[in-house]
1. Please pick out the residue among GLU84, GLU79 that is out of contact with any Ser or Thr (no Cβ under 6 Å at 6 or more places or on another chain) and within 27 Å of ALA22 (Cβ to Cβ).
2. Out of the range 39-54, which residues are over 13 Å from the mean Cα position of the chain (by Cα) and either within 15 Å of ALA105 (Cβ to Cβ) or modelled with pLDDT of 95 or more (or both)?
3. Conditions first: (1) touching a residue at least 40 places away in the same chain (Cβ under 8 Å); (2) surrounded by 15 or more Cβ atoms within 10 Å (Cβ to Cβ). ASP71 passes all but one, so which condition is the exception?
4. Can you tell me which residues in the range 1-46 are acidic (Asp, Glu) and either open to solvent by less than 40 Å² (accessible area, probe 1.4 Å) or touching a helix residue (DSSP H, G or I) at 6+ places or on another chain (Cβ under 7 Å) (or both)?
5. Any chance the range 47-54 includes a residue that's among the basic types (Lys, Arg) and open to solvent by 20 Å² or more (accessible area, probe 1.4 Å)?
6. What are the residues in the range 14-50 that are more than 14 Å from ALA101 (Cα to Cα), assigned to a helix (DSSP H, G or I) and without any contact (Cβ under 8 Å) to a residue 40 or more places away in the chain, if any?
7. Report yes if GLY89 is out of contact with any His (no Cβ under 6 Å at 6 or more places or on another chain) and surrounded by fewer than 17 Cβ atoms within 10 Å (Cβ to Cβ), otherwise no.
8. Of all residues being among the aliphatic types (A, V, I, L, M) and surrounded by 13 or more Cβ atoms within 10 Å (Cβ to Cβ) in the range 92-109, which is farthest from LEU39 (Cα to Cα)? Just the residue, please.
Amino acid sequence: MKPEYLPFYIDGRESKTLRVDADDLIDDIVKRVTDGEPLWATVHTVAEKAGQSFCLDASKRKRFAKEYGEDVKEAGGDEAAAWEAFCAGKVDELAESLEPAALEALMETVEDGDGDGDGEDDEDGDEDEGGEDEE
(Lines give C-alpha, C1' and ligand atoms only; values in the text may rest on other atoms or scores of the structure.)
Protein backbone atom coordinates (compact mmCIF):
# COMPACT_ATOMS: atom_id res chain seq x y z
CA MET A 1 0.00 0.00 0.00
CA LYS A 2 1.33 3.39 -0.93
CA PRO A 3 1.84 5.62 2.11
CA GLU A 4 -0.46 8.31 0.73
CA TYR A 5 -3.36 5.83 0.91
CA LEU A 6 -2.69 4.76 4.49
CA PRO A 7 -5.27 7.24 5.86
CA PHE A 8 -7.98 5.35 3.96
CA TYR A 9 -6.82 2.08 5.53
CA ILE A 10 -6.97 3.69 8.98
CA ASP A 11 -10.46 5.04 8.28
CA GLY A 12 -11.51 1.54 7.24
CA ARG A 13 -10.17 0.17 10.53
CA GLU A 14 -11.92 2.86 12.54
CA SER A 15 -15.28 2.68 10.79
CA LYS A 16 -18.03 0.29 11.83
CA THR A 17 -17.12 -3.38 11.73
CA LEU A 18 -18.58 -5.29 8.81
CA ARG A 19 -21.96 -6.84 9.49
CA VAL A 20 -21.52 -10.58 9.32
CA ASP A 21 -22.83 -13.71 11.01
CA ALA A 22 -19.93 -14.06 13.43
CA ASP A 23 -21.12 -17.43 14.75
CA ASP A 24 -20.90 -19.00 11.29
CA LEU A 25 -17.47 -17.46 10.75
CA ILE A 26 -16.22 -18.71 14.13
CA ASP A 27 -17.51 -22.21 13.37
CA ASP A 28 -15.65 -22.14 10.04
CA ILE A 29 -12.45 -20.94 11.72
CA VAL A 30 -12.62 -23.61 14.43
CA LYS A 31 -13.16 -26.37 11.88
CA ARG A 32 -10.28 -25.21 9.71
CA VAL A 33 -7.88 -24.72 12.63
CA THR A 34 -8.71 -28.12 14.12
CA ASP A 35 -8.00 -29.53 10.65
CA GLY A 36 -4.48 -28.09 10.90
CA GLU A 37 -4.59 -24.55 9.52
CA PRO A 38 -2.82 -21.80 11.52
CA LEU A 39 -5.17 -19.63 13.61
CA TRP A 40 -4.31 -16.07 12.54
CA ALA A 41 -3.96 -16.88 8.84
CA THR A 42 -7.31 -18.68 8.96
CA VAL A 43 -9.01 -15.82 10.80
CA HIS A 44 -7.74 -13.36 8.22
CA THR A 45 -8.70 -15.57 5.27
CA VAL A 46 -12.23 -15.99 6.64
CA ALA A 47 -12.48 -12.22 7.26
CA GLU A 48 -11.33 -11.50 3.69
CA LYS A 49 -13.96 -13.82 2.30
CA ALA A 50 -16.65 -12.23 4.49
CA GLY A 51 -15.52 -8.74 3.45
CA GLN A 52 -15.77 -9.45 -0.26
CA SER A 53 -19.47 -8.65 -0.41
CA PHE A 54 -18.83 -5.23 1.13
CA CYS A 55 -15.83 -4.45 -1.06
CA LEU A 56 -17.58 -5.54 -4.27
CA ASP A 57 -20.75 -3.57 -3.49
CA ALA A 58 -20.96 -0.77 -6.09
CA SER A 59 -23.25 1.37 -3.93
CA LYS A 60 -20.79 1.29 -1.03
CA ARG A 61 -17.94 2.19 -3.36
CA LYS A 62 -19.96 5.11 -4.77
CA ARG A 63 -20.71 6.33 -1.25
CA PHE A 64 -16.99 6.09 -0.45
CA ALA A 65 -16.08 8.06 -3.61
CA LYS A 66 -18.58 10.77 -2.71
CA GLU A 67 -17.46 11.01 0.92
CA TYR A 68 -13.72 10.80 0.27
CA GLY A 69 -13.47 12.39 -3.20
CA GLU A 70 -11.39 15.40 -2.15
CA ASP A 71 -9.13 13.30 0.07
CA VAL A 72 -8.53 10.87 -2.80
CA LYS A 73 -7.54 13.75 -5.10
CA GLU A 74 -5.10 15.07 -2.48
CA ALA A 75 -3.60 11.58 -2.08
CA GLY A 76 -2.87 11.25 -5.78
CA GLY A 77 -6.25 10.62 -7.34
CA ASP A 78 -6.22 6.82 -7.49
CA GLU A 79 -9.73 6.02 -6.31
CA ALA A 80 -9.20 2.27 -6.75
CA ALA A 81 -6.13 2.32 -4.50
CA ALA A 82 -7.96 4.38 -1.88
CA TRP A 83 -10.95 2.00 -1.94
CA GLU A 84 -8.65 -1.03 -1.75
CA ALA A 85 -6.90 0.48 1.29
CA PHE A 86 -10.24 1.27 2.95
CA CYS A 87 -11.47 -2.29 2.35
CA ALA A 88 -8.21 -3.73 3.68
CA GLY A 89 -8.79 -1.75 6.87
CA LYS A 90 -12.35 -3.04 7.16
CA VAL A 91 -11.18 -6.64 6.67
CA ASP A 92 -8.35 -6.28 9.19
CA GLU A 93 -10.76 -4.80 11.74
CA LEU A 94 -13.13 -7.73 11.20
CA ALA A 95 -10.28 -10.22 11.60
CA GLU A 96 -9.16 -8.52 14.80
CA SER A 97 -12.69 -8.68 16.18
CA LEU A 98 -13.08 -12.38 15.27
CA GLU A 99 -9.77 -13.60 16.69
CA PRO A 100 -10.64 -13.52 20.44
CA ALA A 101 -13.95 -15.33 19.89
CA ALA A 102 -12.26 -17.90 17.65
CA LEU A 103 -9.57 -18.51 20.26
CA GLU A 104 -12.20 -18.92 22.98
CA ALA A 105 -14.13 -21.40 20.82
CA LEU A 106 -10.93 -23.34 20.17
CA MET A 107 -10.16 -23.45 23.89
CA GLU A 108 -13.66 -24.82 24.54
CA THR A 109 -13.03 -27.46 21.89
CA VAL A 110 -9.81 -28.49 23.61
CA GLU A 111 -11.45 -28.54 27.03
CA ASP A 112 -13.79 -31.30 25.87
CA GLY A 113 -14.97 -33.18 28.89
CA ASP A 114 -12.06 -33.82 31.24
CA GLY A 115 -10.03 -30.76 30.27
CA ASP A 116 -6.93 -32.56 29.03
CA GLY A 117 -7.72 -32.08 25.35
CA ASP A 118 -7.38 -35.79 24.52
CA GLY A 119 -10.98 -36.11 23.36
CA GLU A 120 -11.85 -38.65 26.06
CA ASP A 121 -13.67 -38.30 29.35
CA ASP A 122 -12.03 -39.90 32.35
CA GLU A 123 -13.32 -43.29 33.47
CA ASP A 124 -16.04 -42.15 35.85
CA GLY A 125 -17.30 -39.44 33.50
CA ASP A 126 -16.62 -36.54 35.82
CA GLU A 127 -13.94 -33.94 35.49
CA ASP A 128 -11.16 -34.92 37.89
CA GLU A 129 -8.68 -32.11 38.29
CA GLY A 130 -5.15 -32.48 39.52
CA GLY A 131 -4.93 -36.11 38.48
CA GLU A 132 -5.56 -37.61 41.95
CA ASP A 133 -8.71 -39.27 43.23
CA GLU A 134 -10.34 -37.47 46.14
CA GLU A 135 -11.83 -40.22 48.28
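The values are calculated or read from the model by the stated rules, or taken from the named source; none is laboratory data. On a predicted model such as this, the values are computed, not experimentally measured, just so you know. Counting neighbours? That spans all protein chains shown, and the Cβs are built from the backbone with ideal geometry, glycine included. With ligands, DNA and RNA removed, areas are computed over all heavy atoms of the protein, side chains included. Shrake-Rupley method; radii C 1.70, N 1.55, O 1.52, S 1.80 Å.
1. Checking each option against the conditions leaves just GLU84.
2. Correct list: empty.
3. Of the numbered conditions (1) touching a residue at least 40 places away in the same chain (Cβ under 8 Å); (2) surrounded by 15 or more Cβ atoms within 10 Å (Cβ to Cβ), the odd one out for ASP71 is (2).
4. Within the range 1-46, GLU4, ASP11, ASP28 meet the criteria.
5. yes
6. Correct list: ARG32, ALA41, THR45, LYS49.
7. no
8. Here the residue is LEU94.
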